[in-house]
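Have a look at the structure below before the remarks.
Every number in this text was worked out from the coordinates using simple rules, so none of it is lab data. Note that the coordinates shown come from a computational prediction; the quantities given were computed from them, not determined experimentally. For neighbour counting, all protein chains shown are included, and Cβ atoms are generated from backbone atoms with ideal geometry for every residue, glycine included.
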Amino acid sequence: MVYDAAIIGAGVTGSAIARELSRYQAKICVIERGEDVCCGTSKANSAIIHAGFDAAPGSLKAALNVRGNAMMDALAAELDIPFRRNGSLVVCTKDQDRGDLERLAEKGKKNGVPGLAIIERDELTAMEPNISDDVTCALYAPTGGIVCPFHMTMAFAENAFTNGVAFFLNTRVDSVAAEGDGYRLETVHTDTGTPEAFTARVVINAAGVYADTFNNMVSSRKIHITARKGEYCLLDKTAGGHVSHTVFQLPSKMGKGVLVTPTIHGNLLVGPTAVDVGDREAVNTTQEGLDMLTATSALSVKNIPMRQVITSFAGLRAHEDSDDFIIGECEDAKGFINAAGIESPGLSSAPAIGEMVAKRAAELLGLEKKTNFTATRRGILNPATLSPADRNRLIREHPEYGTVICRCEMVTEGEIIDAIRRPLGARSLDGVKRRTRAGMGRCQAGFCTPRTMEILEREVPMSMFDITKGGVGGELITGVNKYPQKGRSHEKL
Amino acid sequence: MKNYELVIIGGGPAGLAAAVSARDHGVERILILERDKELGGILNQCIHNGFGLHTFQEELTGPEYADRFIRQVKDRGIEYKLHTMVMDISRMDGSGDKCVTAMNRTDGMFLLQAKAVILAMGCRERARGALNIPGYRPAGIYSAGTAQRLVNMEGFMPGREVVILGSGDIGLIMARRMTLEGAKVKVVAELMPYSGGLKRNIVQCLDDFDIPLKLSHTVIDIEGKKRVEAVTIAEVGPDRRPVPGTEERYTCDTLLLSCGLIPENELSQNAGVTLSPVTSGPVVNDAFETSVDGVFACGNVLHVHDLVDYVSEEAAGAGKNAALYIQNGPARDARTVEICPEGHVRYTVPRFIRPKQMEEKLTVRFRVGAVCQNCSVATYFDDELISRRKRPVMAPGEMEQVILSRAKLSGYPDLKKITIRIEENEERKAGMTE
Amino acid sequence: MKRELTCIGCPLGCTVTVTLDGDTVSDVTGNTCPKGDAYARKEVTNPTRIVTSTVRVSGGTAPMINVKTASDIPKGKIFDCIDAIRDLIVPAPVSIGDVILADAAGTGVAIIAAGNVDAIA
């Protein structure tokens, strides 16, 4: 298959690039190893749009974070992304150096972060009554925000798809090599094992924790990525109001600390840990990690109701040795553009990375802008946001919006059907969950699993035996009663 | 807005028995709202026998027990709506009536006015996240109830080689069910030093099939990136933390969790109902009335029961009292006395009694917080010992009870509080194990 | 020969030791009440169980009907009963008490429906 541009990876970076590049007249594809978009680092992070005070002035991280943050209001409106500027706080405790906080504020001002201010304890406790008793002051950044990382990634991907970008899911790139005036990518279909090949004049490397592998296939300027695990605890919505701002800890000799934040959907999130791991698939949580979160979060926020944890998870950040994003064409591999080392603030920077990389790719390919670019995308309709009259009109026209499937998050059958039928629709339980929140509530899919499976079976359509949690190998059922091992041979029983 | 005397939220065993009793006590306009496709609630997936020994002196399966009550509801022509989700309960402006907001695919979102509401929403299972078990999050981790629904109602096997965490009755029952349907259950691990399930289930669900039960053990790791591949369990010390060096790894494709039930009270909470931090259910008086006038609660939404027979009995009480409320209005002048749980009594239902209005014989139910051997259940009116009943053994998995008599209480017009306490018998102390 | 059992009569769960002389029980110890004695004697000489399971339904509003043995059967026959219904498919409607299989695995005991499944309208 011949493309002008092939993007490796359908995380938030790859999807943002695809969306920006889809403004141009070009044949573009995204190749993704997972069964869905948003399957790697993009699905397990702090879900924060950082203000941008943290990165070193002059770094790509600083520039793209501040730019990406500024782009979010327009993007959220255009692409229907759940986003809110709740403001962030970096708190300084009595044992810490207030000078460090002031230096952080200075750094932020150099980076161009608007509205930064140091506030004292009195004002702080009025803003956040549950702030720890040891906190003396804080750096307040009003532009900090919270976002749904799933919807952000899907919004970019769906909009790119609508504008003609081809997505190849379940497709793992095994090799990239120069060929003619472009590159040849050897791939394998992860479900079937079928080998495939792509050629493209421009290859964009947005492969997350594997970005070094692809760079090093084509360039002598080697890069090295370490997977840095971050574990999180997500608390019930009843704890969602425990803080209203994103509360960071001032980095110290003891480490970077953990954040406590409300999520855009109203839960409370505590995390992350930071441990380098050798296995780039090691998204397991650990007892030490979970214990550390409980202990460390208490330094900034008191009385966190950890008994209300509904799930814990871990994500892997793609940390590059240079400690900055690596973005741009390889000096010794023309047409190979890296978007590598995208760790925090990667989610916040994604819009700006998309812009920057797409611009460079368009220059290289000499692309013209489309005249028929569709800039907007509608998210999955949440009937709870409608007036009662509008909601009833919707149910009359589409009765499936009257049936609640996930009772913890009050997700209706109509929303699940939408999640399956829309562009790049859900094909697994996790796919439905990330799009609709069905199964993301306090019972963690205990009730809705069998019901969501029935809807997938009917709507995709697919066999019950092929329904997975998150891709082939993760099948949910193994057979039928009295034939537990034989599975699909007894499908017709 | 449609108007009812009584709206019952939930058509499981509690809701059904409450409806029947309310009708038998004269309430005409009753509506049951059920979110599932049929009446009967969780009983429909509990296909094992052993239900109804107290109520019907027979051993019925769950669906058979439900059927008895469904027939009574249908025989009485009590109205019900299936596939209907209740979204909100609030007070009507300008009256004591309640406004119930509900939704289904044929009526859309609709409002109901009701003089009284009975909460009978049941409970949910504690999920893996709430247990904070470390490891991967692959396919193959199910709550025992989810697996029960898949196997018993849909005919699908969720796995072939199974480890079960938690020895509550659902976990034990599922060990047998999975075995009979062809899976291999390798071990049942229980965090506590005792099982939360009935002895009979340990013998007939585990021993019959040579399934080992490991007390004071928990899961400390789950392996498998796509589907569960192995589970590691370890012994726990008195602090319930894993003891290093005791790890045992079991290859398996499935982990079932049976680690406790939590009353589902999000609706109640939004309606302003006060909940008990111990039971997670509403605080009620002898009429099963919550802190909100005219809102009653029964069944597992009130506190998690061991036997459905007690649910039916309690629900009948709630139905009767809702009828009295509908007919007579709130008993405003009622004097209440609090029941205080002490010494291994974790809680009592009811928490408050009205000595003048209560039934002649009132059953107070409770659970103990530890296995108690050679102890007695003592009841005090203020500081005076009223009764002391020997119980050779009490376990947290089984409900206990004390009967209070209105006639007896009438002799104590100035009573401040009732205390129910577990006391060790004199002849042999040191009989309690944590 | 001696056998140890856990009595299921009450939460006490006494460990009861039964001494067998051939097929006859010569002694029961460890029980703390008469129920324990009776249980132990039955359990070592003729242990029986009610078996509950499911059978596939065709043309019904649900895919499965739950079933049980009409009375208890010898414990050793549990898996034979399961085998006997393994490949059965019964047409809806099915109601409580309907006989699904007249004689389960030569026990002389019927397997009956213990729930209801309506036919699809």
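Between residue C:42 and residue C:118, take the C-beta separation as r, use R0 = 56 Å, and let me know the FRET efficiency to the nearest 0.05.
Numbers: r = 39 Å, r/R0 = 0.70.
Given R0 = 56 Å and the Cβ-Cβ separation, E is 0.90.
Extension gain for residue A:322-residue A:370 works out to 13.6 nm (0.36 nm per residue, less the C-alpha to C-alpha distance). Kindly list the residues of segment A:243-272 that lie in the label zone of residue A:117, defined by a backbone N under 20 Å from the point 7 Å along the Cα-to-C-beta vector. The answer is A:244-248, whose backbone nitrogens lie closer than 20 Å to the label point. Counting beta carbons within 10 Å around each of A:153, A:93, C:69 and listing the fewest first gives the order A:93, C:69, A:153. Taking the longest Cα principal axis of chain B as reference, the axis of helix B:169-180 is set at about 50 degrees.
Remark: segment A:33-75 is approximated by an ellipsoid whose semi-axes, taken from the C-alpha gyration tensor as √(5λ), come to 24, 13, 10 Å, largest first. To make sure I understand the rule: partners must be lysines, Cα under 29 Å from the Cα of residue B:74, and not fewer than 8 residues away in the same chain. Which ones qualify? Of all the lysines, those that pass the test against residue B:74 - Cα under 29 Å, at least 8 places apart if same chain - are B:2, B:37, B:98, B:115, B:320, C:68.
Note on residue A:127/residue A:485: beta-carbon distance plugged into 1/(1 + (r/R0)^6) with R0 of 51 Å gives a FRET efficiency of 0.30. Cβ screening of chain A for cysteine pairs under 4.7 Å finds these without a partner: A:29, A:38, A:39, A:92, A:137, A:148, A:233, A:330, A:408, A:443. Taking 4.7 Å between beta carbons as the limit, the unpaired Cys residues of chain B are B:46, B:99, B:123, B:205, B:252, B:259, B:298, B:340.
Remark: B:394, B:399, B:178, A:71 ranked as B:399, A:71, B:394, B:178, counting other beta-carbon atoms within 10 Å and listing the fewest first. One chain, two ends: residue B:384 and residue B:293. Fully extended at 0.36 nm per residue, the span grows by 29.5 nm beyond their Cα-Cα distance.
Compute, for segment A:218-355, the length of the dipole vector about the Cα centre, with Cβ point charges of +1 (Lys, Arg) and -1 (Asp, Glu) only. Units Debye, rounded to 20. Could you put the intermediate results ahead of the total?
Numbers: 12 positive and 16 negative charges, 104 e Å.
Magnitude of the dipole: close to 500 debye.
Note on residue C:95 and residue B:410: the model spin-label points, each 7 Å out from Cα along the C-beta direction, lie 4.9 nm apart.
Here the label points at residue C:27 and residue C:61, each 7 Å from Cα along the C-beta direction, are separated by 6.0 nm in the simple model. Can you give the % of DSSP beta bridges in chain A that are antiparallel, to the nearest 5? Percentage antiparallel, nearest 5: 75. For the peptide C:50-58, the mean number of other protein chain Cβ atoms found within 10 angstrom of a residue's Cβ is 6.
Overall shape: prolate for the protein assembly as shown, with the ratio a/c of the largest to smallest alpha carbon gyration tensor axis at 1.5 or above and a/b above b/c.
Taking a ≥ b ≥ c as the square roots of the eigenvalues of the alpha-carbon gyration tensor, segment B:127-259 is classed oblate because a/c is 1.5 or more while a/b is no larger than b/c. Our coupling estimate for segment B:387-393, obtained by passing each phi through the Karplus curve with A = 6.51, B = -1.76, C = 1.60 and θ = phi - 60°, is 8, 8, 10, 6, 10, x, 8 Hz, Gly and Pro reported as x.
With the simple spin-label model, which puts each label point 7 Å out from Cα in the Cβ direction, the residue B:243 to residue A:381 separation comes to 6.0 nm.
Suppose a student asked you for the relative contact order of segment A:383-490, using Cα pairs under 8 Å spaced at least 6 residues apart; what percent would you report? If you can, show how the numbers build up before the last one.
Details: 145 pairs, mean separation 19.4, N = 108.
Relative contact order here is 18 percent.
Taking the DSSP beta bridges with both ends in segment C:52-113, the antiparallel portion is around 75 percent.
Counting every other Cβ atom within 10 Å of each residue's Cβ, A:125, A:403 order from fewest to most as A:125, A:403. Under a 5 Å amide H cut-off, with hydrogens placed 1.01 Å from N, residue A:259 pairs with A:271 among residues at least 5 apart or on other chains.
In order along segment A:179-192, the Karplus-derived 3J(HN,Hα) couplings, from 6.51 cos²θ - 1.76 cosθ + 1.60 at θ = phi - 60°, round to 7, x, 9, x, 9, 10, 10, 8, 10, 9, 6, 6, 7, 9 Hz, and Gly and Pro are given as x.
Tell me what chain B gives for mean residue ellipticity at 222 nm when only DSSP H runs of n ≥ 4 count, each as -39,500 (n - 2.57), the sum divided by the residue total, rounded to 500 deg cm²/dmol.
Numbers: 9 runs with 82 residues, N = 434.
That comes out to -5500 deg cm²/dmol.
Counting only Cβ charges, +1 for Lys and Arg and -1 for Asp and Glu, the dipole size of segment A:43-130 around its Cα centre is about 320 debye.
Across segment A:416-424, coupling constants 3J(HN,Hα) worked out from phi with the 6.51/-1.76/1.60 Karplus curve, θ = phi - 60°, read 5, 4, 4, 4, 7, 7, 6, x, 6 Hz, and Gly and Pro carry x.
Counting only residues at least eight positions apart within a chain, or on another chain, the lysines with an alpha carbon under 19 Å from that of residue A:61 are A:107, A:109, A:110, A:256, A:359.
Among DSSP beta bridges whose residues both lie in chain B, state the antiparallel percentage, nearest 5. Present the calculation step by step, with values, prior to reporting the outcome.
On the way: 61 of 100 bridges.
Expressed as a percentage, antiparallel bridges in chain B total about 60.
Per residue of peptide A:392-405, the mean number of Cβ atoms on other chains within 10 Å of the residue Cβ is 4. Is the shape of segment B:284-360 best called rounded, prolate or oblate, per the rule: a/c under 1.5 gives rounded, else a/b larger than b/c gives prolate, else oblate, with a ≥ b ≥ c the square roots of the Cα gyration tensor eigenvalues? Here segment B:284-360 falls in the oblate category.
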